[in-house]
1. Going by average Cβ density within 10 Å per residue, which order do the peptides 58-65, 171-178 take, highest to lowest?
2. What are the ³J(HN,Hα) couplings of the stretch 98-115, residue after residue, when phi is run through the Karplus curve with 6.51, -1.76, 1.60 and θ = phi - 60°? Round to Hz, x for glycine and proline.
3. Assuming R0 = 41 Å, what is the FRET efficiency of E132 and R85, from their Cβ-Cβ distance, to the nearest 0.05?
4. Please list 3J(HN,Hα) in residue order for the stretch 156-161, calculated via the Karplus relation 6.51 cos²θ - 1.76 cosθ + 1.60 where θ = phi - 60°; whole Hz, with x for glycine and proline.
5. Shape call for the stretch 69-113 from the C-alpha gyration tensor, a ≥ b ≥ c root eigenvalues: rounded (a/c under 1.5), prolate (a/b greater than b/c) or oblate?
6. What full-extension length gain, to one decimal in nm, is calculated for R185 and E97 as 0.36 nm per residue of separation minus the Cα-Cα distance?
7. For a test of the definition: using alpha carbon positions, the gyration tensor, and the 1.5 limit on a/c, classify the stretch 122-174 as rounded, prolate or oblate.
8. Expected output is a single nm value to one decimal: the length gained when fully extending between V147 and S2, i.e. 0.36 nm times separation in residues minus the C-alpha distance. What is it?
Amino acid sequence: MSTRMLIVILAVLSVTAAAVWMISARRSVAAAPQNPPVENHPVAPGQPAVAPAGTNGKIVKTDAEWLEQLGPEAFRVARQKGTERAYTGKYWDNHEEGVYTCIGCGLELFDSGTKFDSGTGWPSFYAPIRAEAVATVTDGAWGMTRVEVLCSRCDSHLGHVFDDGPKPTGQRYCMNSVSLGFEKR
């Protein structure tokens with residue numbers, strides 16, 4: 001068997017395995033139970049949230065409530081861990097002074113003073129406004145290991161953080177514009 005034939009066979013097997021994995025991942029997401037219904041506590045951007053008892057201060061809503069609040073695209077990214085296309089979000093090239101907030105609950109996340117042009121097409125920051133404003137978890141999706149960034153109050157998916165940012169932190173918080181709000185100063 002030639003090397004070329006072996007490479008073709010391995011490529012076909014890899015594509016088939018990836019397709020099976022994607023189909024099974026979609027089925028498991030579709031079959032996953034929704035968040036338990038709780039008393040709805042709508043939160044306007046910039047307003048303090050009051051979380052229901054027993055949620056450890058987290059904002060908890062059903063998927064239907066999140067979809068109604070956010071709309072389809074923000075729901076896909078913020079609640080289903082999607083990604084907007086590069087250079088399409090409204091904040092990737094925003095140079096105004098202000099504070100970036102969570103689209104889900106209004107929590108202040110990033111100050112414009114920490115924003116920088118990463119050349120990626122997504123708004124990037126070298127630090128959150130406060131360490132406790134965001135949470136991070138290991139993300140093993142798509143066959144790679146990354147660090148996912150979530151809003152610490154409502155668990156909305158914001159983006160990922162990488163260790164290739166500028167000084168003083170060396171970090172690049174690469175965020176989805178659709179997961180953010182913005183309050184001008």
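1. Values: 58-65: 17.8, 171-178: 23.8.
Highest to lowest by the protection proxy: 171-178, 58-65.
2. In residue order, the calculated couplings are x, 10, 8, 10, 6, 5, x, 9, x, 4, 5, 10, 9, 8, 4, x, 9, 7 Hz.
3. Numbers: r = 31 Å, r/R0 = 0.74.
E(calc), rounded to 0.05, equals 0.85.
4. Values, residue by residue: 5, 6, 9, x, 9, 10 Hz.
5. Values: a/c = 2.55, a/b = 1.35, b/c = 1.89.
Judged from the Cα gyration tensor, the stretch 69-113 comes out oblate (a/c at least 1.5, b/c at or above a/b).
6. Details: separation 88, 0.36 × 88 = 31.68 nm, distance 0.58 nm.
Contour length minus Cα-Cα distance gives 31.1 nm.
7. On the way: a/c = 2.01, a/b = 1.10, b/c = 1.82.
Oblate.
8. Numbers: separation 145, 0.36 × 145 = 52.20 nm, distance 4.03 nm.
That works out to 48.2 nm of additional length.
No lab work stands behind these numbers, since they all come straight from the coordinates. Just so we're clear, the structure is a prediction, and the values are computed from it rather than from any experiment. Cβ sites come from the backbone with ideal geometry, for glycine too, and all protein chains shown count toward neighbours.
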